Amino acid sequence: MTAPATLELLAPARDIETGRTAIDCGADAVYIGPPAFGARAAAGNSVADIGRLAEYAHRFGAHVYATMNTILFDNEVEDARRMALELYEAGVDALIVQDMAYVEMNLPIALHASTQCDIRTPEKAALLAKAGFTRLVLPREFTVAEIAAASKAAGVPVEVFIHGARCVSYSGDCQMGFAATGRSANRGVCPQMCRLPFDLVDKDGRPAGPRRHYLSLSDLSTPSLRELADAGARSFKIEGRLKDRRYVANAVAWYSARLDQAVADSGGLYRRLSHGTSEPGFNPDITKGFFRRPNGGGSQGCLASPNDTGQPVGRVTSAYAPRTRSFRIKGEALANGDGLGYFDAEGNFKGFRLNRSAGGECFPASPLPELRPGTVILRNSDKAFNDSVDNARPVRRLRVDFAIANGDGDSWILEASDERGLKAGIVTETEFMEARTPQEEPRRRTLGRLGDTIYSMGETDDRCGGRFIPAATLTEARRRVLTALDEAAAAAYSRPGRGSDSLAADAFAALSPLNYHDNVANGLARRFYESHGATIGGKAIECGSPESAAGRRVMATKYCIRRELGACLRESCGASLPSPLYLRNESGTYLVEFDCRRCGMNIIKQ
């Protein structure tokens, strides 16, 4: 019989506290940024902290991955190698990387190919798998069919995003930030150009549309995990390494319950990576802390606002009154401290905090003179729900069964076995005494006082009969046997191994010369490509100056502004726009080149 495929819920951790919360709420693995070389430079953690997180996660069989997914310059390669080895020694299970220099370093740790590797085709997925990557992080843009094709071609586990923000550009192939500001996503300092407002203009600079966030995509939410698993996905990733504990706790608890259900409904096809039962301590709901938006089909943009605007909770019935500093609303009950907002007459989102609400009368923290009857009010921060998450203390427990029996002479034996399949036992010498009352239930109560351990009480097999064992002695034996069980778990834990390199010497020989889109920024990466037949035609754009981006493509998208605005060139959508089109704001002007063959766009710096 084929063994069940292992599925993993992967959560972000901006620090050790958030990482432990993710594990306690049901994550099978977390990814966290080390002190440097991560694509979120603001989310660095010490190697010692990451080691402590790994030690905690491994008790449940959960993994910890360190993100070292920036491209490296030559003067950084040795520091990156040293840090990678330190992380390995600290207990990290794998590194998530973009730069091929890590392949050339011959590190002992498993390597995951970051989404920054821009795995756009099954062919590239196969090449990276042969290069020794043990997992591939697929683009957010992939459909279920594309996931299945990449998974089949690669032959190694693939990871897919299921929740969080989406980049409009193919990850790893966005130079727009560097071209505009000198800050690059490939170097961990993305300036989030796609979240800025732009003017849409024609070739003469005349307006073709209002000032909007034309490159800001809706967030991703994936209620169904079974379909992805059946397509070959093995790791389900929640985006948000800069997100706070509340976001992580809510998203992890919500998706963990759904992954459990997918496993239960699979008839033995799947199993979870880690062990234990999580109790988040609150009722998870991603519609409360995160506005669900679709991925694919219909509108994909958030042109009015790049932020979470929330969900409708009512409609204004009485305009803002300066005298009472209030307005009236008909709809859901609101709580003091809720975060609310609305769209003004120009289509701009305006947010505000609610100081107080009573009987439909709302008292905002700041004046809202433009608020008029009929305006829809949205809530993007639910104070009551937020408090329930913040005040919760999630716990994760492993079931442990005890067996107690008489040994030789005055000795007795206490054994503990848990759901990880581990067992430990100790022998204790105590003078044999007959009890005056039945002892099974008192012994079970004593063994069940597990306090702040990671264990929860299972069954007890008590074969000591009427023997009296002092409660203090049994308590100490319980402590010792659980310590032995912890030691057995640490000794039994095995990290994933490094993949083998089976890439042919001419694997890249048929490709066009690599250019700035391939992000080669150091000698080790160059050696990797050239040793497999590639020709290097140009270095990463970050090796030059922002001015060198003029006239170059700085973004490629699987998203189309024309389609978003109902002016698709392939379909009769009823609306029309001039051609060519440009995006313009304070950072510069960008030609929008429409690629109808793949239903996407190229953004070219002018």
* **Spin-label pair A491/A36, simplified geometry with 7 Å Cα→Cβ offset, distance in nm** => 4.0 nm
* Asked: Given +1 on the Cβ of Lys and Arg, -1 on the Cβ of Asp and Glu, and no further charges, what dipole in debye does the chain carry about its Cα centre, rounded to the nearest 20?
  -> 2080 debye
* To do: Name the aspartates and glutamates eligible as straight-distance cross-link partners of K558: C-alpha to C-alpha under 14 Å, and not fewer than 8 places from it in the same chain.
  => D118, E141, E146, D173, E593, D595
* Å² of accessible area per residue within the chain, as computed with a 1.4 Å probe and no ligands counted -> 43 Å²
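Tell me the carbon and sulfur percent of the accessible area for the chain, rounded to whole percent, probe radius 1.4 Å.
Of the solvent-accessible surface of the chain, carbon and sulfur hold 49 percent.
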* Answer rounded, prolate or oblate for the stretch 260-418, using the Cα gyration tensor with square roots of eigenvalues a ≥ b ≥ c: rounded when a/c is under 1.5, else prolate when a/b is larger than b/c, else oblate. => prolate
* Straight-line reach from K350: which lysines have a Cα under 22 Å away, not including same-chain ones fewer than 8 places off? -> K288, K330, K383
* To do: Putting +1 on Lys and Arg Cβ atoms and -1 on Asp and Glu Cβ atoms, find which of V248, A229, Q261 reaches farthest to the positive end of the dipole of the stretch 224-286.
  => V248
* Peptides ranked, highest mean first, by Cβ atoms within 10 Å: ranges 442-454, 184-196 -> 184-196, 442-454
* To do: Could you tell me which of M176, S305, H275 has its Cα farthest along the dipole of the stretch 158-311 towards the positive end, charges placed at Cβ (Lys, Arg +1; Asp, Glu -1), taken about the Cα centre?
  => M176
* So what is the 222 nm mean residue ellipticity for the chain from helices alone, if each DSSP H run of at least 4 adds -39500 (n - 2.57) and you divide by all residues, rounding to the nearest 500 deg cm²/dmol? -> -7000 deg cm²/dmol
* Asked: Once amide H atoms are built 1.01 Å from N in the peptide plane, which residues 5 or more positions from L242, or in another chain, come under 5 Å H to H?
  -> none
* the stretch 103-220: C-alpha gyration tensor shape, a/c 1.5 cut-off, then a/b vs b/c -> prolate
* Quick one: of K203/K243; K152/K237; K237/K605; K130/K539, which pairs are farther than 28 Å apart, Cα to Cα? => K203/K243; K237/K605
* **Cα gyration tensor shape for the chain, rounded if a/c is under 1.5, else prolate or oblate** => oblate
* Structure fact -> Charge tally for neighbours of P210 with beta carbon under 15 Å away, counting Lys, Arg as +1 and Asp, Glu as -1, is -1
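Cβ under 11 Å from T375's Cβ, T375 left aside: what net charge do those residues give with Lys, Arg +1 and Asp, Glu -1? Kindly include the intermediate steps, with their values, before the conclusion.
Values: positive: R315, K350, R372; negative: D344, E370.
For residues surrounding T375, the net value is +1.
The values are calculated or read from the model by the stated rules, or taken from the named source; none is laboratory data. Note that the structure is predicted; figures quoted are calculated from it, not measured. Because the Cβ atoms are built from the backbone with ideal geometry, glycine has one as well, and the counts that use them run over all protein chains shown. Note: areas computed on protein heavy atoms with side chains; ligands, DNA, RNA excluded. Shrake-Rupley method; radii C 1.70, N 1.55, O 1.52, S 1.80 Å.
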